[in-house]
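I have placed the structure first, in the form of structure tokens, so that the comments after it can refer back to it.
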Amino acid sequence: MHQYLDSDGSGTSDQCVSSTIGSERIADATAWLKAHNFKGFLGEIGAGSNANCIAAVQGALCAMQQSGVWIGALWWAAGPWWGT
């Protein structure tokens, strides 16, 4: 599973939908994992480098940790926002 926090979920924008979009977007997957007694791994998560996006990523990671069904995640960074 991959999760980008911009408006179309593509990771092509450095703007996130909201500061809570991270936890909102993983909520259905979290519920499915719990219902089926599975563990999940978020293969990629990415967002812009600004306060709104940082809060959104933090929210996703906190929700994952608190759920007990996620075993980890990998950060994805690329494109013009990465810098040098």
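Would you mind computing, in nm to one decimal, how far apart the modelled labels at residue 58 and residue 1 are, each placed 7 Å from Cα along Cα→Cβ?
2.3
Would you mind working out the accessible area per residue for the chain, using a 1.4 Å probe, and quoting it in Å²?
Averaged over the residues of the chain, the accessible area is 61 Å².
Do any chymotrypsin sites (Phe, Trp or Tyr not before Pro) in region 12-72 lie in a loop, going by DSSP, with at most 16 other beta-carbon atoms within 10 Å of their beta carbon, and if so which?
38
At 222 nm, what helix-only mean residue ellipticity would the chain give, in deg cm²/dmol to the nearest 500, using -39500 (n - 2.57) for each DSSP H run of four or more?
That calculation yields -12500 deg cm²/dmol at 222 nm.
Go through the chain and flag any cysteine with no other cysteine's C-beta closer than 4.7 Å, please.
Here 62 come out as lacking a disulfide-compatible partner, given the Cβ-Cβ threshold of under 4.7 Å.
Of the candidates 72, 59, 40, which one comes out as most mobile in a Gaussian network treatment of the chain with C-alpha springs shorter than 10 Å?
Of 72, 59, 40, the most mobile in the Gaussian network model is 72.
List every residue whose amide H lies under 5 Å from the amide H of residue 70, counting only residues 5 or more places away in sequence or on a different chain, with H placed 1.01 Å from N in the peptide plane.
Amide H to amide H, under 5 Å and 5 or more residues apart or across chains, residue 70 pairs with 40.
So, with a 1.4 angstrom probe, what is the percent of accessible area on the chain that is carbon and sulfur?
With neighbouring chains kept in place, the figure for the chain is 56 percent.
Considering the Cα positions of the chain, please state its Rg to one decimal place and its Dmax as a whole number of Å.
Looking at the chain, its Cα Rg and Dmax stand at 12.5, 43 Å.
The values are calculated or read from the model by the stated rules, or taken from the named source; none is laboratory data. In this text, all values refer to a predicted model and were calculated from it rather than measured experimentally. Please note: Cβ atoms are built from the backbone with ideal geometry, for glycine as well, and neighbour counts cover all protein chains shown. Only protein heavy atoms, including side chains, enter the accessible area calculation; ligands, DNA and RNA are left aside. Shrake-Rupley method; radii C 1.70, N 1.55, O 1.52, S 1.80 Å.
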